[in-house]
Amino acid sequence: MKWAVIATWKMALDGTEKAAEILRMGGTAADAACEGVGMVEDEPSFHSVGYGGRPDKNGRVKLDGGFMDGDTLHFGAVASIEGFRSPVRIARSLIKGDANNFLCAQGAEEYAERNGFEKRDNLTEEAREIYEQEKERIQKLSAYDGHDTVCFLALDENGTLCAATSTSGLFMKENGRIGDTPVPGNGFYADSAVGCAAATGMGEEIMKGALSYAAVMYMSMGYSAMKAAQKAVDDLEKKLIERNGYANPMSLIAMDRNGAWGVGTNVDFPFCIADELHETELMIAKKHDGMTIIEAYENGD
Ligand code: GLY
């Protein structure tokens, strides 16, 4: 495959089309992945990413984002950053240099300000109202309540693989809580010689298995992207159930260095794909009797 893109959730559909357009015109995997994520960050009707993202326990929208270049293995990441338009673009800019690649909170905000990144109050009126209504009621947090992280994986015609992620994390999270999304190897990983992967779901669960790195490692052992993604999720889910009696939701997208994609999940999980041979399409992965079934997403909601 000359180029390919895969992204998490239905909310990534327009971004996938945009990423596909960039790759079709010979653009880079980095631009495709970050522009795809950036479109989701800008859309206030998506409640788990960027503008319109759900606030933490103090009613503040604090965002996480990550980016990795599979050619160099350089990554950039920001965590718990407030008041800026696009965490993924800030994360991408941090891949330069061998140090200071992962910044959090005030340090990330100072860096973003110093480097002229666009500011934005990401707390929408709708999100503020929902926070006011729910703050007394919510006891147990679920990463899937607000449809979670946007992740894009892209392959360009030069053979470069990139991964990009962005989320507002759990609704009503503790101030300073950081999930898997900005953490390399957990929320994302890319190695152009092998493949790439990115995760969505309960960050605390995903980080128990370094899920994205696990999938890339399985690809390096000869598993297809599909088998690698499913094995990474299934292995971790099994281990968590053995140790704790349950496993929280987690889903994984993967792509090998030839643009073949795969998905592993323990819940129903919509995702988007496009490549040189296929128009942008919305699919869904479902778990049934221990098997992952992938089909076209028919439900119009
Ligand atoms: N997967 C996103 C989070 O747990 O924050």
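A short reminder: the numbers here are calculations on the coordinates, not readings from a lab. It should be emphasised that the depicted structure is a prediction, and the values quoted were computed from it without experimental measurement. As a convention, Cβ positions derive from the backbone with ideal geometry for all residues, glycine included, and neighbour counts pool all protein chains shown.
Compactness of the range 6-84 is given as radius of gyration and Dmax, 13.7, 44 Å, from Cα positions.
When you restrict to C-alpha pairs under 8 Å that are six or more residues apart and normalise by the size of the range 120-220, the relative contact order lands at 24 percent. For the range 207-301, relative contact order (Cα pairs under 8 Å, six or more residues apart, normalised by length) works out to 21 percent.
Other residues with beta-carbon under 9 Å from the beta-carbon of Asn175 carry, at +1 per Lys or Arg and -1 per Asp or Glu, a net charge of +3. For the range 182-194, 3J(HN,Hα) computed residue by residue from phi via the Karplus equation (6.51, -1.76, 1.60; θ = phi - 60°) reads x, 9, x, x, 9, x, 6, 6, 9, 9, 4, 7, 10 Hz, glycine and proline entered as x. Dividing the mean sequence gap of close Cα pairs (under 8 Å, 6+ apart) by how many residues the chain holds gives a relative contact order of 22 percent. For the range 216-248, there are no residues whose amide N sits under 11 Å from a probe point set 7 Å from the Cα of Asp289 along the beta carbon direction. Here the sum of -39500 (n - 2.57) over DSSP H runs of 4 or more residues, divided by the residues of the chain, equals -8500 deg cm²/dmol at 222 nm, to the nearest 500. Using 0.36 nm per residue and subtracting the Cα-Cα separation, the extra length available between Arg243 and Glu17 on full extension is 77.2 nm. Here the chain was treated as a single set of alpha-carbon atoms; its pair distances binned every 20 Å from 0 give 39, 58, 3 percent. Whole Å is fine, so just give me how far the alpha carbon centre of the range 249-301 lies from that of the range 184-203. Comparing the Cα centres of the range 249-301 and the range 184-203, I get a distance of 15 Å.
Over all other residues within a Cβ to Cβ distance under 11 Å of Gly83, the charged ones net out to 0, with Lys and Arg as +1 and Asp and Glu as -1. Here Asp71, Asp98, Asp180 are placed in order of increasing Cβ neighbour count within 10 Å, fewest first, which gives Asp98, Asp71, Asp180.
In this rough spin-label picture, where each label sits 7 Å from Cα along the Cβ direction, the Lys10-Ala193 distance is 4.1 nm.
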